[in-house]
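Working notes, beginning with the structure itself.
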Amino acid sequence: QVQLVESGGGLVQPGGSLRLSCAASGSIFRGNGMGWYRQAPGKQREWVAAVTIAGRINYRDSVKGRFTISRDNAKNTLYLQMNSLTLEDTAVYYCNIWGSGWFAGWGQGTQVTVSS
């Protein structure tokens with residue numbers, strides 16, 4: 001059973017924008033904080049942004065002011081609006097549980113490539 005499905009990635013020029021979506025199963029989405037993570041080629045997966053059930057939001061420093069995370073609890077969907085993209089944002093982006101001490105099975109992710 002597929003529980004996390006990411007979409008919305010693509011190829012964009014530096015300074016461009018993308019909006020990522022993550023459709024999650026209700027059993028994962030409800031009752032958990034959710035986060036976006038990314039993995040660049042040759043690097044470890046890193047946390048990018050998170051939103052709790054109550055709506056508290058955190059970002060890693062490198063994306064503050066450029067990325068906006070949000071969640072639609074009625075649709076079990078997580079979003080990541082990414083603006084002012086840089087080459088360093090190139091990665092596969094994943095969504096998953098945040099702050100609960102465990103992860104659901106990772107989805108396939110969505111590729112974001114920033115290139116001129």
Q: Counting helices only, and only those DSSP H runs with n ≥ 4, report the 222 nm mean residue ellipticity of the chain as the sum of -39,500 (n - 2.57) divided by its residues, in deg cm²/dmol to the nearest 500.
A: -500 deg cm²/dmol
(Q) Once neighbouring chains are kept in place and the probe is 1.4 Å, which whole percent of the accessible area of segment 1-79 is contributed by carbon and sulfur? (A) 47 percent
Q | Phi-based couplings in Hz for segment 88-94 (Karplus 6.51, -1.76, 1.60; Gly and Pro marked x) | A | 6, 8, 4, 4, 8, 9, 10
Q. Suppose every K and R has +1 on its Cβ and every D and E has -1 on its Cβ; what is the size of the dipole of the chain about the Cα centre, in Debye to the nearest 20?
A. 200 debye
Q. If contacts are Cα pairs under 8 angstrom and at least 6 residues apart, what is the relative contact order of segment 1-44 in percent?
A. 35 percent
**Q.** Projected label distance in nm at GLN13 and SER84, using a 7 Å step from Cα toward the beta-carbon
**A.** 1.9 nm
Q) What accessible area per residue, rounded to a whole number of Å², is obtained for the chain using a probe radius of 1.4 Å? A) 52 Å²
Q) Between GLN3 and ARG60, what length in nm is gained on full extension when 0.36 nm per residue of separation is reduced by their alpha carbon distance? A) 18.0 nm
Q. Tell me, what is a quarter of the convex hull surface for the C-alpha atoms of the chain, in nm² with one decimal?
A. 6.8 nm²
Q.
Mean-square fluctuation check for the chain, GNM, Cα pairs under 10 Å: which of GLN44, GLN81, GLN13 is largest?
A. GLN44
Q: With θ set to phi - 60°, apply the Karplus curve 6.51 cos²θ - 1.76 cosθ + 1.60 along segment 9-23 and write out the HN-Hα couplings as whole Hz, x wherever there is a Gly or Pro.
A: x, x, 9, 9, 7, x, x, x, 9, 8, 10, 9, 10, 9, 8
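The values are calculated or read from the model by the stated rules, or taken from the named source; none is laboratory data. What you see is a predicted model; the values in this text were computed from it and never measured. Counting neighbours? That spans all protein chains shown, and the Cβs are built from the backbone with ideal geometry, glycine included. With ligands, DNA and RNA removed, areas are computed over all heavy atoms of the protein, side chains included. Shrake-Rupley method; radii C 1.70, N 1.55, O 1.52, S 1.80 Å.
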